[in-house]
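Here is the structure we will look at.
Since every read-out is calculated from the coordinates, none of them should be taken as a lab result. Please read these numbers as outputs of a predicted model, since none were measured by experiment. Reconstructed Cβ throughout: ideal geometry from the backbone, glycine too, with neighbour counts over all protein chains shown.
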Ligand code: LMR
């Protein structure tokens, strides 16, 4: 048995311990060793999903100091009393990789893979052979959506079509808006209390669509719906650490706004640890982070958009949500949510605190530089238009 196999086995056969007790009767008597082994097993000797950013970081402004949870063990459930998580669009490029990462998460006991493509059943069988604690089931087509969603704590939606070179995320609206609307209706009908994490682009519009569907169904809870913008943070952390020769495990750059082009606004001035950038570095990094999705679309030359890095980011977001649900304190991630932080912007991405009911608190932006303020002023009309487009899509439906 290799080191990796051993580590995964230990992590999945033991209850991962903590000094805290989760809400689901998690026995927390064992040590944190298995938790760190689990992460080490998956990412070399590093952590699993780079949890440092799930916790608030000590920034120069308003965010709380780096939380205890960054260093302390995580509350993980056993397979028996863990969470049910559904991936809608599980047979696609993001969906398959994301499902694999979720299969390795010991907080999850039941993984429901849903897709309109029949191959999803095979993907579920394939994944079910991995000797981790969760069970995996595949569900195909609208008639099986209810079964997939019943009892879910968390629903992650990567369903939809990806960009091709030359397209903006907004160009996906005509296809993906309807997909997200219908899947969210399924959530409203079958698991209205689940947290819903939306990856499907254009996120700036699909999150408002999902919220409007829930409102129409009388099941809207703003703490339960978010757009996954984690990849913007993942990229920022990676680019900054490479440029500055910092340990990537220590770097955290908050990214606010939305998830498309200039609506993506990295707050480099709030980089943790405090880091100084020349004017040129700031400008180059900002633009690169805004265009990083396009960088992948162009590199794949017609073969789609980011799948692996997006799956990694979504798995990290999913883990943060489950940690919050389990009662762990001080779990933070930037995400795109219903918000009143920026006037006239009903949806906006900022750092959010996750708790037992989902998004517990939407954090303020904090102090920003004149350069960042310029971008903020510029992004607002564009983001607002994309939000309005999503809202109108549901309002105008017959
Ligand atoms: C990304 O940021 O990579 C995704 O939103 C996919 C895309 O179209 O860029």
**OP:** May I ask you to derive the relative contact order of the stretch 150-231, considering only C-alpha pairs under 8 Å and at least 6 residues apart, and to give it as an integer percent?
**Re:** 35
Original post:
Is the stretch 317-382 rounded, prolate or oblate when judged by the Cα gyration tensor, a ≥ b ≥ c being the square roots of its eigenvalues, rounded requiring a/c under 1.5 and prolate requiring a/b larger than b/c?
Top reply: prolate
**OP:** Given the peptides 279-285, 166-172, arrange them by the average over their residues of other C-beta atoms within 10 Å, most packed first.
**Re:** 166-172, 279-285
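How many percent of the alpha carbon pairs in the stretch 83-228 exceed a separation of 22 Å?
34
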Original post:
Roughly what would the spin-label model give for residue 288 and residue 135, points 7 Å off Cα along C-beta, in nm?
Top reply: 4.7
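Report the full-extension gain for the segment residue 385 to residue 167: residue separation times 0.36 nm, less the Cα-Cα distance, to one decimal in nm.
Difference between extended and current length: 76.7 nm.
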Original post:
To the nearest 0.05, what FRET efficiency results for residue 244 and residue 185 with a Förster distance of 45 Å applied to their C-beta separation?
Top reply: 0.50
**OP:** In square nanometres and to one decimal, what's the mean projected area of the convex hull around the Cα atoms of the stretch 230-386?
**Re:** 9.7
Subject >> Per-pair calculated FRET efficiency, R0 = 25 Å: residue 308 and residue 81 via Cβ, rounded to 0.05 >> reply: 0.20
